[in-house]
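The values are calculated or read from the model by the stated rules, or taken from the named source; none is laboratory data. Because the structure is a prediction, the values reported are computed rather than measured. Note that each Cβ is placed from the backbone with ideal geometry, even for glycine, and that neighbours are counted across all protein chains shown. Ligands, DNA and RNA are excluded from the accessible area calculation, which covers all protein heavy atoms including side chains. Shrake-Rupley method; radii C 1.70, N 1.55, O 1.52, S 1.80 Å.
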Amino acid sequence: SSSWLPEPVSWFCFQKWWASRAAKPCAMAKFLAAALACTQSGFLSALAAEVEVSAAELSIQAADLTADDQCDAGDRQCALNAMQLRARRTAATAAAHGAAAAADLTSSQDEKPGTCAGPWGTCTVNKCCSSGGYACYEKDTTYAQCLPDGGCTVGIHMNDGEGQRTPWSCKLLSTATAAAMGPPKWDPSEEPLSAKDFPVNPVVTKGNFLYDSVTGKRFFAKGVAYNPRNINYKGVTEGPKSKTCKSGEPEFQTKSYTADVTTDDLEDEWGPNLEMIANLSANTVRLYNVNPTYSHKKFMKKAAELGLYVIVPLTRMDWGYLPAFPSPDCYTMELEGYGNVGVNVLTSAKLIVKQFSEFPNTILFTVANEMPVNDKNGYAAFPCVKALTRDIHRFQADCKNNMRRVPLIYSDMDMGSPTRVHIANYLSCELESPDDAVDAYGLNVYSWCDSEYLDESGENNFGYSPYKAIKDDFDKFAKPLIFSEFGCNTGEFETACPYKKGRNWVDVPAMLDHMGEVLSGAVAFEFSMEKNQYGLVLTPGFLKGQKKAELLDNYFALQKQYRSNNISSKWDGIDIASCSAVPSDVASLSYSHPKSVCPSKDIWEDLQEKRGVDKVADWDVLPPTPEAPLSAVNNQTECMETSKVSASDYKNTCCHFTCS
């Protein structure tokens with residue numbers, strides 16, 4: 001029960017249906033995340049008594065859970081949605097610093113001569129921060145503070161004391177030495193890399209397929225999810241355990257779930273990893289968290305050299321996230337110590353779009369991921385997904401002369417029929433305008449858990465597989481559909497350390513043979529072995545005595561399937577220059593693909609009520625666009641002034657936006 005919790009606290013117990021026949025619930029627990037008025041020690045003591053664990057143990061668990069939204073804290077504890085928990089913990093820290101600063105913002109007594117301030121510390125005099133990821137921002141001529149890079153918003157900060165709520169200028173004061181700490185920064189004023197550095201062509205949408213924008217060949221994404229945290233075997237907390245495997249010493253620094261693993265300074269890590277992914281005959285990598293403050297040029301260039309496209313997320317885990325609150329709160333709410341959620345997520349997303357649109361191998365932007373998994377109220381937050389989609393599309397339109405239009409995709413857990421169809425239709429329909437419709441739809445599918453699905457005669461039959469129902473649901477879908485995650489690791493495919501056999505990926509040929517008119521790609525989950533044991537590879541030091549990356553049996557099984565199965569070429573040769581061109585112009589399709597129709601009020605009300613949302617949101621009304629100019633971030637220009645799109649990219653953009 002959550003009746004004793006202060007609003008707007010929400011709870012969740014992660015429950016994912018990995019197979020069509022069984023549920024896999026996570027353990028459940030209680031975290032009073034929004035009790036910001038309590039001291040941490042008081043909060044932990046009270047909570048420890050409630051859940052019968054020690055305050056010290058709970059403190060450790062709380063720290064771990066804020067760094068990982070795939071939490072598992074034992075049989076009697078479970079985390080509040082880590083994205084929101086992390087935000088509220090950050091808010092508590094910021095509020096505490098704000099309260100201290102409110103006593104006398106002009107004071108610099110906590111500064112030591114020649115010493116850079118720590119996170120949230122005063123940097124008025126020394127103008128530097130000691131921790132990577134933080135920068136010194138000016139409030140006014142009398143006060144400056146070390147805040148997360150890119151996390152200072154011009155204007156009033158509600159965490160300041162009531163008598164000190166004057167506007168922040170957010171002028172960057174960090175010295176060159178301090179700015180050099182941490183990963184190399186992204187400089188939007190730099191000249192973009194040359195096209196010759198990227199031996200791949202941009203990919204565009206045509207009807208319900210993806211196409212190479214130069215050759216006109218159909219593109220099918222063979223992907224791998226990439227978010228290595230460099231854990232060892234001790235970090236495995238889900239699935240079967242082994243008594244023989246021993247934890248090693250990771251070669252590279254262990255990272256939290258919220259870390260950006262693709263910054264330029266991590267080349268020694270991601271360089272070999274990208275080569276292993278390319279050796280699978282994969283052509284796509286899906287990322288989960290990027291920080292637009294930092295440069296990713298080296299990563300994107302290396303990926304392009306290996307023929308890899310990249311799916312880039314627009315929402316982040318710790319700042320610039322889309323919370324699972326009922327609309328319109330998910331796009332309008334002010335969180336103390338954090339600011340306006342809409343302003344922050346739109347600002348962050350625009351910065352990501354601005355940086356990654358210059359790379360020809362950015363194939364899709366993920367506008368949001370698995371909102372209902374974050375919290376049950378995610379079902380009431382879909383209008384905010386459409387609002388962010390609308391605002392990014394309009395940002396792309398405003399910058400069409402300087403920025404390629406990269407398609408937007410929403411990625412959701414497969415919730416079965418008819419829910420998946422209702423949500424897909426809602427996010428891909430044109431409610432206010434074409435701007436609020438996603439360009440592609442993603443399903444995270446973990447239901448194919450057997451090598452064979454036999455019919456009455458004992459023959460392996462696709463019609464008896466869990467993918468048949470998905471095919472039927474999306475046969476007439478108007479936009480490209482992608483399995484943005486796939487790869488069941490339960491049932492027949494379950495394996496334990498040292499991970500012999502496991503997944504054989506026989507669903508890959510089934511996708512291409514039976515779903516070729518429906519699917520435009522699939523992303524295998526995931527590259528590295530993590531706590532939930534889906535990995536294709538053991539990163540160096542995962543096991544004792546393991547000095548190098550180890551490719552597992554299911555890596556070679558996926559390699560075999562990716563190498564030997566390809567999408568049909570019968571739809572190749574589409575007229576790329578034509579805005580009206582669709583795949584059926586090249587070769588016939590079994591079904592027509594009309595535009596999605598927005599679900600009726602009866603449908604979206606019933607869906608939300610059945611999922612137990614705290615408040616049924618009106619799906620017919622989108623939150624307003626927040627004021628989020630990029631000039632508020634280091635006074636930069638809204639668009640990439642140093643970049644010009646090619647004539648073909650501009651023409652494709654004009655298929656979607658009004659051009660003069």
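The single condition among (1) out of contact with any strand residue (DSSP E or B) (no Cβ under 8 Å at 6 or more places or on another chain); (2) assigned to a helix (DSSP H, G or I); (3) farther than 28 Å from Val204 by Cα that Pro326 does not meet is (2). Annotation: of all residues in the range 614-638 being more than 23 Å from the chain's Cα centre (by Cα) and of a type in the set (Val, Ile, Thr), the one that is farthest from Pro383 (Cα to Cα) is Thr637. Quick check on Gly521: is it at positive phi, open to solvent by less than 10 Å² (accessible area, probe 1.4 Å) and not basic (Lys, Arg)? Here the answer is yes, as Gly521 does meet what is asked. Scan the range 403-417 for residues that are among the charged types (D, E, K, R) and assigned to a loop (DSSP other than H, G, I, E, B) and jot them down. Within the range 403-417, Arg404, Arg405, Asp414 qualify. If you go through the range 337-345 one residue at a time, do you hit one that is modelled with pLDDT under 95 and touching a helix residue (DSSP H, G or I) at 6+ places or on another chain (Cβ under 6 Å)? There is at least one residue in the range 337-345 that is modelled with pLDDT under 95 and touching a helix residue (DSSP H, G or I) at 6+ places or on another chain (Cβ under 6 Å). If only residues of the range 537-584 that are among the aliphatic types (A, V, I, L, M) and in a helix (DSSP H, G or I) are counted, the one that is most open to solvent (accessible area, probe 1.4 Å) is Ala557. Scanning the range 607-622 for residues that are in a loop (DSSP other than H, G, I, E, B), closer than 20 Å to Leu388 by Cβ and open to solvent by less than 90 Å² (accessible area, probe 1.4 Å) yields Val613, Ala617, Asp618, Trp619, Asp620, Val621, Leu622.
When each of Thr347, Thr315 is tested for being assigned to a loop (DSSP other than H, G, I, E, B), open to solvent by 10 Å² or more (accessible area, probe 1.4 Å) and touching a residue at least 40 places away in the same chain (Cβ under 8 Å), the lone residue that passes is Thr315. Here's a check for you: in the range 401-460, which residue that is in contact with a Leu (Cβ under 8 Å, 6 or more places away or on another chain) and open to solvent by 30 Å² or more (accessible area, probe 1.4 Å) is farthest from Glu370 (Cα to Cα)? The selected residue is Asn460.
All conditions but one from (1) closer than 26 Å to Gln636 by Cβ; (2) touching a helix residue (DSSP H, G or I) at 6+ places or on another chain (Cβ under 9 Å); (3) among the aliphatic types (A, V, I, L, M) apply to Ile352; the one that does not is (2). I need the full set of residues from the range 268-310 which are within 16 Å of the chain's Cα centre (by Cα) and either of a type in the set (Lys, Arg) or assigned to a helix (DSSP H, G or I) (or both), in order please. Result: Arg286, single match. Inside the range 265-274, can you point out the residues that are more than 17 Å from Glu526 (Cβ to Cβ) and either open to solvent by 20 Å² or more (accessible area, probe 1.4 Å) or touching a Leu at 6+ places or on another chain (Cβ under 6 Å) (or both)? Answer for the range 265-274, where residues must be more than 17 Å from Glu526 (Cβ to Cβ) and either open to solvent by 20 Å² or more (accessible area, probe 1.4 Å) or touching a Leu at 6+ places or on another chain (Cβ under 6 Å) (or both): Asp265, Leu266, Glu267, Asp268. Cβ-Cβ distances below 6 Å connect the following pairs, each with a first residue in the range 181-205 that is at positive phi, a second residue that is not aromatic (Phe, Trp, Tyr), and a separation of six or more residues or different chains: Gly182/Gly132; Gly182/Gly133.
Scanning the range 498-515 for residues that are open to solvent by less than 10 Å² (accessible area, probe 1.4 Å) and either over 20 Å from Val224 (Cα atoms) or in a loop (DSSP other than H, G, I, E, B) (or both) turns up Tyr499, Trp505, Met515.
Picking from residues in the range 111-139 that are surrounded by fewer than 20 Cβ atoms within 10 Å (Cβ to Cβ) and β-branched (Val, Ile, Thr), the one that is modelled with the highest pLDDT is Val125. Exactly one residue among Thr642, Thr637, Thr625 is open to solvent by 30 Å² or more (accessible area, probe 1.4 Å), part of a loop (DSSP other than H, G, I, E, B) and at pLDDT 95 or above, and that residue is Thr625. Checked against (1) β-branched (Val, Ile, Thr); (2) at pLDDT below 80; (3) surrounded by fewer than 17 Cβ atoms within 10 Å (Cβ to Cβ), Thr142 meets all criteria but (2). Which of the residues that make up the range 422-473 are more than 22 Å from Met511 (Cα to Cα) and small (Gly, Ala, Ser)? Once the filter is applied, which keeps residues that are more than 22 Å from Met511 (Cα to Cα) and small (Gly, Ala, Ser), the range 422-473 yields Ser428, Ser433, Ala437, Ser457.
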